[in-house]
Number of protein chains: 2
Amino acid sequence: MEEFALIRHLTDRPPGRRTAAETHLVVGIGDDAAVTELTPGMQLVLSCDTMVQDVHFNSKTMSMYDIGWKAMASNVSDMAAMGAVPRNALVALTVPASVPADRLRELYAGLYACADRYGVALAGGDTTSTPGGLTVTVTVTGEVEPGRALLRSAARPGDAVFVTGWPGRSAAGLHALLAAGARPEAAADEPIPEEAFPPPVRGLVAAHRRPEPSVAAGRRLLAGGAAPALNDISDGLSSEAWEIAEASGCGLLLREADIPVAPELKAYADAVGASALEWILTGGEDYVLLGTLPEEAMAVTAEAFAAEGLPFFRIGTATSAFAGVRLVGIDGEERPVAKSGYNHFG
Amino acid sequence: MEEFALIRHLTDRPPGRRTAAETHLVVGIGDDAAVTELTPGMQLVLSCDTMVQDVHFNSKTMSMYDIGWKAMASNVSDMAAMGAVPRNALVALTVPASVPADRLRELYAGLYACADRYGVALAGGDTTSTPGGLTVTVTVTGEVEPGRALLRSAARPGDAVFVTGWPGRSAAGLHALLAAGARPEAAADEPIPEEAFPPPVRGLVAAHRRPEPSVAAGRRLLAGGAAPALNDISDGLSSEAWEIAEASGCGLLLREADIPVAPELKAYADAVGASALEWILTGGEDYVLLGTLPEEAMAVTAEAFAAEGLPFFRIGTATSAFAGVRLVGIDGEERPVAKSGYNHFG
């Protein structure tokens, strides 16, 4: 287990390399626990997420750097979905003996890159050997103004339904990766290089590998004061919409014509004969936000998002006419949307 | 993955069953993240630990209940080692398809039992399927008075070295479990029943399966104000002593004659021809605390521990004469102590 001494070294940055986020650490990595400050008057926000080899990624779909980035990003996204500011992260790894130390260095490079991007301090962790596959569990702490966390249960009939970006791109990127990985010329156990794809598809692949959580959008929504319902799209638009509908005890009626479809997603779906809408509804890991807002708060919110250069799209209306989620298609027909979410590729 | 709906049910206790610790949760399990209060003026303490099937436990050494208890206990112990009060926990599970839902119920029963015992609120988690084995990662948050966390680096030459209990019992219990599991009559893939052991050995087995972290001792040491160095013995006395010596830049000279040996540990070691001292030095997972204190603070600390019915033993002295850890044996010979810690049984 001598490589775990290296981990300690990797995670213990010299003082000169401390980020602003890391200066809040009273005690960092290296003792039994980390000690940090919470901004006075704020509430503490906590979440964790696990990525498992051959469930959430495999050796062809993701590099070690990507795995690190995405494990951090999925947790930062949970903070975004609460309207919270992410602050600290703990990283628990189980590592097969077949993974050499320099590949763990790449994984930490990805973790740190995403942490730095979102102002998160790596505060601790645990690295354990395993006879199984690589798993990465990240716990993120954040903070939020008291009583202001944005919950799934806040949707009310009459509210507008919105998204803060273009969902489905990660699922399309995964489709492209799996197709490339299945080709006979693909190297075994090596991540497919992004240069193997034409530029528009490369963007979809990057969306799958290094998603960007919507922290600024979450903070903007909280600052607006209209107490939106909010979820991040980690398991597909349909499953996240169902969670809001069930938690809030109302229905969500979505309009297909209003759901934003990224041009490169549309082009790729057309090229491979797939449905962009299906990827949007049942794909996941885009980490754009889905929420609802009172009708009267929509105009000012849309303006505020535009002023910050953040995407914002109205895609439907909350209703008391039914429970669950329904979709008005391009054809004008209204039909139920299944709850099924992202099944990964396992 | 329908059993994961059950997990959500298992972890979401009805309001009537909320413990005092859980009333501090502003938002509990069921949203993107939990929201909780930190006591005003306190600092936040964070740690995580992972238990991996066939590394930290196997189907014979631990029941699902024990796995849950111990995963929580190891993290609560990290809070004890900082002098902190444990508050919240997040539980990330990776679960093989072969584990039925009712066995996860047992695991959660163990997690909750230990959490309740130490005033910890289960605040969230993530449950993922895996093609590998069961892993349990618990993250615990706690709180501590500002600037008062008890660090490994606080030992000074001349300090007394102490332990807050009888180390080595867990390693002896594991020895008994492995011996029983190797017998031809042992049921495959079933935890060895504790009734299979005579009462004194049963206590050692219980110490391995359901260790009791030393939160009260940690708080007592912090309250004393003498700023001790502190570690919990998760990897054996030698490895923890080395951590204090290295972090503090001094030596620790231990006296074998002063190291407390539980009578049932001595009896079992004699019966099987093993060395109790070896288990104490290189076994682990006892979760008693090892620390140092200025000489002048020892008497009042020993009295305070006695008044609370907590064990407290002086076992040596910190020194500037060498770096690392040395032991004066019963024979009066002084010899170096290897850094090697607990190797589990993998």
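The values are calculated or read from the model by the stated rules, or taken from the named source; none is laboratory data. Everything numeric here is computed off the predicted structure, so don't read it as measured data. When we count neighbours, we look across all protein chains shown, and the Cβ atoms used for this are built from the backbone with ideal geometry, even at glycine.
Considering only residues of region B:114-125 that are among the small types (Gly, Ala, Ser) and either under 18 Å from B:PHE57 (Cβ atoms) or not in a strand (DSSP E or B) (or both), which is nearest to the other protein chains (Cβ to nearest Cβ)?
Among them, the one singled out is B:ALA115.
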(1) touching a strand residue (DSSP E or B) at 6+ places or on another chain (Cβ under 7 Å); (2) facing another protein chain (nearest Cβ under 7 Å); (3) under 27 Å from B:HIS56 (Cβ atoms) all hold for A:LEU111 apart from (2)
Based on this model, can you work out whether A:GLY203 counts as under 16 Å from A:ALA155 (Cα atoms), in contact (Cβ under 8 Å) with a residue 40 or more places away in the chain and surrounded by fewer than 21 Cβ atoms within 10 Å (Cβ to Cβ)? no
Could you check, for region B:287-296, whether at least one of its residues is in a helix (DSSP H, G or I), among the β-branched types (Val, Ile, Thr) and either assigned by TED's automatic domain parsing to the domain that holds B:SER170 or under 18 Å from B:GLY83 (Cα atoms) (or both)? no
Counting only residues that are crowded, with 24+ Cβ neighbours inside 10 Å and either among the basic types (Lys, Arg) or closer than 10 Å to B:SER129 by Cβ (or both), how many does region B:96-115 have? 0
For B:LEU293, work out the one condition from (1) touching a Phe, Trp or Tyr at 6+ places or on another chain (Cβ under 8 Å); (2) within 28 Å of B:VAL201 (Cβ to Cβ) it doesn't fulfil. (2)
Of the candidates A:GLU190, A:GLU264, A:GLU243, the one satisfying the condition of being among the acidic types (Asp, Glu) and within 20 Å of A:SER340 (Cα to Cα) is A:GLU243
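Would you mind stating whether A:ARG156 is touching a residue at least 60 places away in the same chain (Cβ under 8 Å), surrounded by fewer than 24 Cβ atoms within 10 Å (Cβ to Cβ), touching a Gly at 6+ places or on another chain (Cβ under 8 Å) and among the basic types (Lys, Arg)?
In short, no.
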Members of region B:45-103 that are within 10 Å of chain A (Cβ to nearest Cβ), touching a helix residue (DSSP H, G or I) at 6+ places or on another chain (Cβ under 9 Å) and acidic (Asp, Glu): B:ASP49
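Quick check, is B:GLY173 assigned by TED's automatic domain parsing to the domain that holds B:LEU265, touching a helix residue (DSSP H, G or I) at 6+ places or on another chain (Cβ under 8 Å) and at positive phi?
When the stated conditions are applied, B:GLY173 does not pass them.
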Against the definition (buried (at least 16 other Cβ atoms within 10 Å of the Cβ), touching a helix residue (DSSP H, G or I) at 6+ places or on another chain (Cβ under 9 Å) and farther than 23 Å from B:ASP31 by Cβ), how does A:LEU265 come out, yes or no? yes
Matching entry among B:LEU277, B:LEU237, B:LEU230 (being in contact with a Leu (Cβ under 9 Å, 6 or more places away or on another chain), buried (at least 24 other Cβ atoms within 10 Å of the Cβ) and away from chain A (no Cβ under 14 Å)): B:LEU237
Considering A:GLY218, A:GLY173, A:GLY119, which residue is within 21 Å of A:MET72 (Cα to Cα) and surrounded by fewer than 24 Cβ atoms within 10 Å (Cβ to Cβ)? A:GLY119
Which residue out of A:THR128, A:THR139 is of a type in the set (S, T, N, Q), within 24 Å of A:GLU212 (Cβ to Cβ) and facing another protein chain (nearest Cβ under 9 Å)? A:THR139
